[in-house]
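Enquirer: Before I ask anything, let me first share the structure, which is written out below as structure tokens.
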Amino acid sequence: MQAIWVLCGGQSSEHDISLLSARNVVNVLSKMHYAVSVLYVTREAKWYHLSADVFLQHGVQRAIETGSAT
């Protein structure tokens, strides 16, 4: 299984759009049997790693609050 990383978020005004786009990309790639991981960048430039499942089920904010993002 090929591994793919999806980078999303960031400090720009397009932060929220980036998250919506990443959700769509992760959803499709996961169904295509890729090993998808998400790198999320906050508006404050903090980086987090999330699994595709956590990203799709909980979103970034809840993952960070519950400690599911590293």
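Enquirer: Please go through segment 1-27 and pick out each residue that is among the hydrophobic types (A, V, I, L, M, F, W, C), open to solvent by 80 Å² or more (accessible area, probe 1.4 Å) and at pLDDT 95 or above.
Expert: 5, 7, 17, 20 - these are the residues of segment 1-27 that are among the hydrophobic types (A, V, I, L, M, F, W, C), open to solvent by 80 Å² or more (accessible area, probe 1.4 Å) and at pLDDT 95 or above.
Enquirer: Taking residue 45, is it out of contact with any strand residue (DSSP E or B) (no Cβ under 9 Å at 6 or more places or on another chain), of a type in the set (A, V, I, L, M) and assigned to a loop (DSSP other than H, G, I, E, B)?
Expert: Considered against the rule, which asks whether it is out of contact with any strand residue (DSSP E or B) (no Cβ under 9 Å at 6 or more places or on another chain), of a type in the set (A, V, I, L, M) and assigned to a loop (DSSP other than H, G, I, E, B), residue 45 comes out as yes.
Enquirer: Given the conditions (1) open to solvent by less than 50 Å² (accessible area, probe 1.4 Å); (2) in contact with a Phe, Trp or Tyr (Cβ under 7 Å, 6 or more places away or on another chain), which single one is not true for residue 35?
Expert: Against the list (1) open to solvent by less than 50 Å² (accessible area, probe 1.4 Å); (2) in contact with a Phe, Trp or Tyr (Cβ under 7 Å, 6 or more places away or on another chain), residue 35 comes up short only on (2).
Each row is one residue, and each column tells you yes or no for (1) within 16 Å of residue 6 (Cα to Cα); (2) of a type in the set (Phe, Trp, Tyr); (3) modelled with pLDDT of 95 or more; (4) over 9 Å from the mean Cα position of the chain (by Cα).
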position	(1), (2), (3), (4)
29	yes, no, yes, yes
32	yes, no, yes, yes
40	yes, yes, yes, no
48	yes, yes, yes, no
51	yes, no, no, no
66	no, no, no, yes
69	yes, no, no, yes
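Enquirer: Can you find, within segment 60-70, the residue that is most open to solvent (accessible area, probe 1.4 Å) among those that are without any contact (Cβ under 8 Å) to a residue 12 or more places away in the chain and either within 21 Å of residue 24 (Cβ to Cβ) or assigned to a loop (DSSP other than H, G, I, E, B) (or both)? Don't jump to the end; show me each part of the working.
Expert: Taking segment 60-70 as the starting set, the residues that turn out to be without any contact (Cβ under 8 Å) to a residue 12 or more places away in the chain are 61-62, 65-67.
Keeping just the survivors that are either within 21 Å of residue 24 (Cβ to Cβ) or assigned to a loop (DSSP other than H, G, I, E, B) (or both) gives 61-62, 67.
Numbers: 61: 105, 62: 129, 67: 53 Å².
The residue in question is 62.
The values are calculated or read from the model by the stated rules, or taken from the named source; none is laboratory data. These numbers come from a predicted model, not from an experiment. For neighbour counting, all protein chains shown are included, and Cβ atoms are generated from backbone atoms with ideal geometry for every residue, glycine included. The area values use the complete protein model at the heavy-atom level, side chains included, leaving out ligands, DNA and RNA. Shrake-Rupley method; radii C 1.70, N 1.55, O 1.52, S 1.80 Å.
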